[in-house]
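Here is the structure we will look at, set down as structure tokens.
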Amino acid sequence: MAGHQSGDYHKGDMDIHEQSETYDLFMGLTKWGSLIIAVGILFFVLLFAVKGAGFFIAGFVSAVVAVIGFLLLKKKPDAH
């Protein structure tokens, strides 16, 4: 019986609202978490590995990257 379906599942009747919200949350955490990690690594690389770059230069460059990343990653308004 290839066409027979058993159980409570009915194809096409599932409400995916919760899955959609979970996916959006996961993507947001991944996106913003990646930016935070990248800015943190950049700060510490500039602070400790680049000769002549002190705390203020590392902080300034990291802040610039953070602002640019925020502007690129923020949610765009829907076109509809």
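Computed from the coordinates by the stated procedures, all read-outs in this text should not be read as laboratory data. In this text, all values refer to a predicted model and were calculated from it rather than measured experimentally. Using ideal geometry, Cβ is built from the backbone for each residue, glycine included, and neighbour counts are taken over all protein chains shown.
Between Asp13 and Ala38, how many nm apart are label points set 7 Å from Cα along the C-beta direction?
The modelled label-to-label distance comes out at 4.5 nm.
Which label belongs to the value computed from this structure, given these candidates for Rg and Dmax of the Cα atoms in Å: [x] 13.1, 49; [y] 12.0, 35; [z] 22.4, 75?
[z]
Compute the length gained on full extension between Ala63 and Lys75: take 0.36 nm times their separation in residues and subtract their Cα-Cα distance, giving the result in nm to one decimal.
The Ala63-Lys75 span can extend by a further 2.3 nm.
Per DSSP H run of n ≥ 4, the term is -39500 (n - 2.57); total these for the chain, divide by its residue number, and report the mean residue ellipticity at 222 nm rounded to 500 deg cm²/dmol.
Counting only the DSSP helices, I get -22500 deg cm²/dmol.
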